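Worksheet for the structure shown next.
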Amino acid sequence: MVSKGNVDFRKTSIQHWHRHMSTSTWPGLQTIVQREELLLAPYAMHSKDSTGRQHPEPDHLYRGPFQRDRDRILHSAAYRRLADKTQVFTGQGDYHRTRLTHTLEVASIARTIGRALRLNEDLIEAMAMVHDIGHPPFGHAGEEALHECLLEDGGFSHNQYALCLVQELEIRYEHFPGLNLTREVLEGQSSRIDKTTASPTLLEAQVVDAADSITYDSHDVDDAVQLNLLTMDELLESPMVREAARRVKERSALPHDQQLRKAIVHELIDWQVSNMLEWCSHNLKQDCPPNSEAARKLPFQIGPDDELTKLKTGLEQFLHQRVYRHERLIKVRRLAQDQLREMFDQFQKHPELLPVKFQNRIQQCGLRHSIGNYLAGMTDRYFQQQYQQLT
Ligand code: MG
């Protein structure tokens with residue numbers, strides 16, 4: 001995987017890193033290697049051990065490879081489009097989470113966990129920022145509709161599409177397509193495509209998955225009540241939320257539902273993060289993996305303990321039945337899915353309506369995938385504009 005032709009990219013890249021990163025470029029400036037040796041645990045992914053990028057590039061004077069990846073993602077058009085993409089709740093007002101705010105919450109929680117476990121925060125942040133970049137408009141409803149349209153051609157997966165965006169569709173450099181991210185960030189993303197067949201991942205990737213789960217469980221509880229899809233009494237039917245409320249009330253009396261809702265959300269996050277840190281730091285101390293490769297093979301994954309995992313599963317089932325299948329959401333989703341299918345058909349009949357960039361991709365990946373690539377990149381708002389114009 002790391003060699004292409006006669007060039008061993010892993011070796012070249014690591015030698016290059018050692019040459020550059022072990023010497024301070026400016027007097028008094030700490031190198032990435034020095035900084036990470038001080039701060040990171042041996043089982044963290046250290047920048048000096050990165051296997052590099054597909055297209056070799058000179059190293060930066062003072063930014064590490066994963067910091068650069070984070071910045072490349074931050075400055076990409078696909079990342080900015082997350083601001084107007086649905087997380088769960090489509091067209092329900094301005095206060096609920098979008099795909100962008102969800103991503104920022106995941107990055108924040110993942111960094112908290114990563115810092116406490118002395119993992120590589122830069123790598124964690126880059127992986128968190130990219131983890132949902134491939135979501136099409138209208139969240140999972142949009143993904144289902146596109147998957148159906150592309151079923152005969154292998155279907156659609158937002159995780160796969162995220163790789164397509166950062167490796168092909170984002171054009172930022174003269175000599176190659178994509179963002180040329182490090183292999184560690186790409187591997188973290190590709191491991192999400194099919195978790196049953198993926199190789200064991202770095203601890204940093206596991207932290208991002210765990211933080212994603214903490215984030216959506218907590219903010220969907222918050223948004224569901226804020227949007228009146230559930231009352232507080234209904235929400236308290238979930239044993240995990242009930243336990244969070246009990247912990248909150250034990251500390252202080254909160255008379256209003258709104259205050260209680262916010263306190264429960266804080267508690268849900270704090271409880272899960274604390275539990276995860278306690279359980280994982282204990283396990284890491286016992287197993288003590290000497291490096292990041294050994295850490296992949298640990299007999300446990302970064303996540304909460306068994307008791308909390310059961311409660312989380314219960315909460316997710318509750319959200320699935322009572323929130324994600326709520327009549328108000330289903331109505332909006334059905335409409336969005338019908339419109340996506342209609343647009344897909346329209347472009348199949350009239351490929352000349354596709355932007356030139358996607359007409360040019362037809363030869364490379366076929367008409368249907370090219371349509372899927374175009375539609376998946378759209379924000380909810382841009383899709384609606386296009387739908388009005390083209391149908
Ligand atoms: Mg996510």
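The values are calculated or read from the model by the stated rules, or taken from the named source; none is laboratory data. As the structure is a computational prediction, the values presented were derived from the model and not from experiment. Counting neighbours? That spans all protein chains shown, and the Cβs are built from the backbone with ideal geometry, glycine included. Side chains are part of the model used for accessible areas, which takes the heavy atoms of the whole protein and leaves out ligands, DNA and RNA. Shrake-Rupley method; radii C 1.70, N 1.55, O 1.52, S 1.80 Å.
Note that the stretch 220-237 has calculated 3J(HN,Hα) couplings of 6, 4, 4, 5, 4, 6, 4, 8, 6, 7, 9, 8, 4, 4, 5, 4, 6, 5 Hz, one per residue in order, obtained from phi through the Karplus relation 6.51 cos²θ - 1.76 cosθ + 1.60 (θ = phi - 60°); glycine and proline are x. Accessible area per residue was computed with a 1.4 Å probe on protein heavy atoms; Arg381 scores about 150 Å². Could you tell me the distance between the Cα centroids of the stretch 312-349 and the stretch 133-163, to the nearest Å? Cα centres, the stretch 312-349 to the stretch 133-163: 13 Å.
Of the peptides 59-65, 34-40, 348-354, 199-205, the ranking by mean beta-carbon count within 10 Å, highest at the top, reads 199-205, 59-65, 34-40, 348-354.
Applying a DSSP loop filter and a limit of 13 other Cβ atoms within 10 Å to the GluC sites (Glu not before Pro) in the stretch 226-265 leaves Glu237. Net charge dipole, the stretch 49-390: roughly 400 debye, given to the nearest 20, about the Cα centre with Cβ charges of +1 for Lys and Arg and -1 for Asp and Glu. The calculated FRET efficiency for Asp94 paired with Asn291, based on their beta-carbon distance and R0 = 41 Å, is about 0.30. For the stretch 143-178, GluC sites (Glu not before Pro) are listed when DSSP marks them as loop and at most 11 other Cβ atoms sit within 10 Å of their Cβ; the list is Glu174. Using θ = phi - 60° in the Karplus curve 6.51 cos²θ - 1.76 cosθ + 1.60, the 3J(HN,Hα) couplings for the stretch 277-284 round to 5, 5, 5, 6, 5, 4, 5, 5 Hz; x is entered for Gly and Pro.
Set the bar at 25 Å for Cα to Cα. Now go through Lys195/Lys357; Lys195/Lys331; Lys262/Lys312; Lys48/Lys297; Lys85/Lys331 and name every pair that lies beyond it. From Lys195/Lys357; Lys195/Lys331; Lys262/Lys312; Lys48/Lys297; Lys85/Lys331, over 25 Å: Lys195/Lys357; Lys195/Lys331.
The share of accessible area on the stretch 49-390 that comes from carbon and sulfur is 49 percent, using a 1.4 angstrom probe.
Once R0 is set to 22 Å, what does the formula 1/(1 + (r/R0)^6) return for the Cβ-Cβ distance between Phe300 and Arg35, expressed as a FRET efficiency to the nearest 0.05? Here the calculated transfer efficiency is 0.20.
Suppose we look only past 15 Å in the calculated P(r) of the stretch 288-391. What percent of the Cα-Cα pairs does that tail hold?
Details: 3978 of 5356 pairs.
Cα-Cα pairs of the stretch 288-391 separated by over 15 Å account for 74 percent.
Normalised radius of gyration for the stretch 49-390, please: alpha carbon Rg relative to 2.2 N^0.38 Å, two decimal places.
On the way: Rg = 21.1 Å, N = 342, 2.2 N^0.38 = 20.2 Å.
Its radius of gyration relative to the 2.2 N^0.38 Å reference: 1.04.
Of the two radii for the stretch 179-298, the radius of gyration is 1.09 times the Kirkwood radius, both from the alpha carbons; that is the Rg over Rh value.
Can you work out the accessible area per residue across the stretch 49-390, with the rest of the protein chains kept in place, probe 1.4 Å, in square angstrom? Write down the numbers at each step before the final one.
Numbers: 15840 Å² over 342 residues.
Heavy-atom accessible area per residue stands at 46 Å².
Taken along the Cα-to-beta-carbon direction at a fixed 7 Å, the label points for Thr197 and Leu151 span 2.1 nm.
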